[in-house]
Amino acid sequence: MVEELLKEFYQGSKKAVARIITLIENEEPEGKEILKVLYKQSGRGYIVGITGPAGAGKSTLTDALVKLMRRRDYKVGVVAVDPTSPFTGGALLGDRVRMSDLTLDPGVFIRSMASRGHLGGLSWAARDALVVLDAFGCDYILVETVGAGQSQVDVAGVADTVVLVTVPGLGDDIQAAKAGIMEIGDIFVVNKADRGDAEQVVRYLENTLEQGTKTEGWLPPVLKTVAWRGEGVDKLLEAIEKHRSFLEQSGRLEPLRKMRLKEEIIERIEKLIFTRLIKEIHMEELIEQAYSRQLDPLSVAEMLVEEIIPPTGLAGKRIKLQGRACAK
Amino acid sequence: MRKIRVLIAKPGLDGHDRGAKVIARALRDAGMEVIYTGIRQTPEQIVAAAIQEDVDVVGLSLLSGAHLHLFPKVVKLLREQVGDKVLVIGGGIIPEEDIPILQEQGVAAIFGPGTPTSVIIDFIKEKVGAKLQESSKEA
């Protein structure tokens, strides 16, 4: 099945892309196998994160941006993420509604995904979908997420350029300053800029943002758009390409990507250890002891970890990864 | 964690989407992932979206009378691309006498106005569950 699917994928089948994303999302072993293969073919695409509060017009803006990219002959992938209801486990994925025109465009692939409980807004599967689209040959991969405060942080860990979209009338100045989201944007967009109070928001952002807020040497521009009319979207694409040039020419792109890789690996290790521990160790007895104050939670955790990593450290185990020693 | 993915679409030209949205929300509340694609979708658009989203179910809502033309078109296009993998159901204003015709053409069920959402939910869960069992036997 894997070979057949990969064959279709390499032939450019959108059906295969979709199937692969599903296999990965459902944590099927075939999904993992394929992801490992496709990862080796990724790295050429450029990832743009588009985030901001609900109602800011992100999907409409994404639609306009993709259309513009298509006019420049770029192949584009879009992953639109919406939150899973913590109560029902279901999700209403409504971003596609705004991108109807793109459904039949052969050079565009759009996938709607639910956060599936992942608190930061981006599930692992959504991140992996970006790799799949990259390997598929997309020049630009857009990942659109709802952000409200901290949940936008995830997208910063995945995108080369983060576009923060906001609208007038949300009391943004306080929200932005509080949640620290000012630090994750490379480009700021005030959408629905035809509203009278848009100027205020633009001015506030311009006054607050400084060079080096996120990346040394880069002053995040503040742009105005009226997404449904496509106004200002050319300036947005221009800014994205300018940011990309800046990162490439200043030599910052590589180290930033390597840092994100490192964070991804660490997170995956945490996730694997957690899953393995829960599966293979009976915690109930330890929990009982902790509850009755015979043990404390810190000791419980230490004891469990020592099962995997001896107190003497890893050097004693001489870990070899694909033949290369990597324990200190 | 496997979720049932459903595409809800309105083919044709009518813009009355309240019913479709009610169903979409009910399915979400039943734990499904629902992609709502909106009004005025062509069968080609619906099928292209269904494929990219790799859905288990396509739900079509139509109030303008063009169901005998548009619903089977969606089924046909889906079958050409993904065989019988996707369950197609419909709702809206569909005269009783048209239902058997539609079912003959591959629409699994028609749920008219007033159908309790629990009926639709149970139907989907049962049929999708059965399809899964079938495909895992083949594998």
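Note on B:5-13: average number of Cβ atoms from other chains within 10 Å of each residue's Cβ is 2. Mean per-residue shielding of peptide B:35-43 is 5, counting Cβ atoms of other chains within 10 Å of each Cβ.
Based on DSSP, what percent of beta bridges with both residues in chain A are antiparallel, to the nearest 5? Intermediate results must be reported in sequence, preceding the final value.
Details: 3 of 34 bridges.
Roughly 10 percent of the DSSP beta bridges within chain A come out antiparallel.
Taking the C-alpha atoms only, the angle from helix B:117-138 to the longest principal axis of chain B is near 40 degrees.
Students often check this: by mean Cβ neighbours within 10 Å, which of A:286-292, A:160-166, A:10-16 ranks highest, and how do the rest follow?
Numbers: A:286-292: 13.0, A:160-166: 25.7, A:10-16: 14.9.
Ranking the peptides A:286-292, A:160-166, A:10-16 by packing returns A:160-166, A:10-16, A:286-292.
Principal-axis analysis of the Cα atoms of chain B puts helix B:18-29 at an angle of about 20° to the longest axis.
What ranking of A:243, A:118 emerges when the number of other C-beta atoms within 10 Å of each C-beta is taken as an exposure proxy, fewest first? Numbers along the way, then the final one.
Numbers: A:243 22, A:118 18.
Arranged by neighbour count, lowest to highest, A:243, A:118 become A:118, A:243.
Cross-link reach is defined here as a Cα-Cα straight distance under 15 Å, omitting same-chain residues fewer than 8 places apart; for residue A:279 the aspartates and glutamates meeting it are A:270, A:307.
Among A:24, A:266, B:120, the ranking by other beta carbons within 10 Å of each residue's beta carbon, starting with the fewest, stands as A:266, B:120, A:24. Taking the centroid of alpha carbons for each part, the stretch A:226-282 and the stretch B:75-117 are 42 Å apart. For residue A:242, the lysines whose Cα comes closer than 24 Å to its Cα, not counting residues fewer than 8 places off in the same chain, are A:58, A:67, A:75, A:192, A:214, A:224, A:258. Identify the residues of the stretch A:3-26 with backbone N under 18 Å of a label point that sits 7 angstrom from the Cα of residue A:275 along the Cα-to-Cβ direction, or state none. A:20-26, by backbone N distance to the label point.
Let me know the shape class of the protein assembly as shown, please: from the alpha-carbon gyration tensor, a ≥ b ≥ c as square roots of the eigenvalues, rounded when a/c is under 1.5, otherwise prolate if a/b is greater than b/c, or oblate. Intermediate values should be presented prior to the final figure.
On the way: a/c = 1.69, a/b = 1.19, b/c = 1.41.
The shape class here is oblate.
Here the Karplus relation 6.51 cos²θ - 1.76 cosθ + 1.60, evaluated at θ = phi - 60°, turns the backbone of the stretch A:12-20 into coupling constants of x, 7, 5, 4, 5, 4, 4, 4, 5 Hz, with x for every Gly and Pro.
Residue separation of residue A:195 and residue A:257 scaled by 0.36 nm, minus their Cα-Cα distance, works out to 18.6 nm of gained length. Centroid-to-centroid, using Cα positions, the stretch B:49-69 and the stretch B:119-139 are 19 Å apart.
Look at the alpha carbon pairs under 8 Å that are at least 6 residues apart: their mean separation over the length of chain A gives a relative contact order of 16 percent.
Note on residue A:268 and residue A:235: their simple-model spin labels are 4.1 nm apart, each label 7 Å out from Cα toward Cβ. The share of Cα pairs per 5 Å bin across the stretch A:42-249, counted from zero up to the longest distance, runs 1, 8, 17, 21, 22, 17, 10, 4, 1, 0 percent.
Let me know the shape class of the stretch A:1-93, please: from the alpha-carbon gyration tensor, a ≥ b ≥ c as square roots of the eigenvalues, rounded when a/c is under 1.5, otherwise prolate if a/b is greater than b/c, or oblate. Cα axes put the stretch A:1-93 in the oblate bin. Listed from fewest to most Cβ neighbours within 10 Å, the set A:9, A:188, A:87 follows the order A:87, A:9, A:188.
Of the GluC sites (Glu not before Pro) in the stretch A:183-287, which ones lie in a loop per DSSP and count no more than 14 other C-beta atoms within 10 Å? If you can, show how the numbers build up before the last one.
Numbers: sites: A:183, A:199, A:206, A:210, A:216, A:231, A:238, A:241, A:248, A:263, A:264, A:267, A:270, A:280, A:284, A:285; in loops: A:210, A:216.
For GluC sites (Glu not before Pro) across the stretch A:183-287 that sit outside H, G, I, E and B with at most 14 neighbouring Cβ atoms in 10 Å, the list reads A:210, A:216.
On a 0 to 90 degree scale, rounded to 10, what angle separates helix A:58-71 from the longest Cα axis of chain A? Helix A:58-71 sits at roughly 70 degrees to that axis.
Taking the stretch B:27-64 and a reference point 7 angstrom along Cα→Cβ of residue B:136, the backbone N atoms nearer than 17 Å belong to B:56. Label the stretch B:8-62 by shape, choosing from rounded, prolate and oblate, from the square roots a ≥ b ≥ c of the eigenvalues of the Cα gyration tensor; if a/c is under 1.5 it is rounded, and otherwise prolate applies when a/b is larger than b/c, oblate when it is not. Oblate.
Determine the shielding of peptide B:18-29 by partner chains: average, over its residues, the number of Cβ atoms on other chains within 10 angstrom of each Cβ.
Details: counts 0, 0, 0, 2, 0, 0, 4, 2, 1, 4, 9, 6.
Partner Cβ neighbours, averaged per residue: 2.
The gain in end-to-end length when the residue B:66 to residue B:22 segment is fully stretched comes to 13.7 nm, 0.36 nm per residue minus the alpha carbon separation.
Subtracting the Cα-Cα distance of residue A:124 and residue A:219 from 0.36 nm times their residue separation leaves 31.2 nm of extension gain.
Taking 37 °C and 0.692 mPa s as the conditions, I'd like the Stokes-Einstein D for the stretch A:1-41 in µm²/s, using the Kirkwood hydrodynamic radius from alpha carbon pairs.
333
Computed from the coordinates by the stated procedures, all read-outs in this text should not be read as laboratory data. A quick note: this is a predicted structure, and the numbers were derived from the prediction, not measured. Don't worry about glycine lacking a Cβ; one is built from the backbone with ideal geometry, like all the others, and counts go over all protein chains shown.
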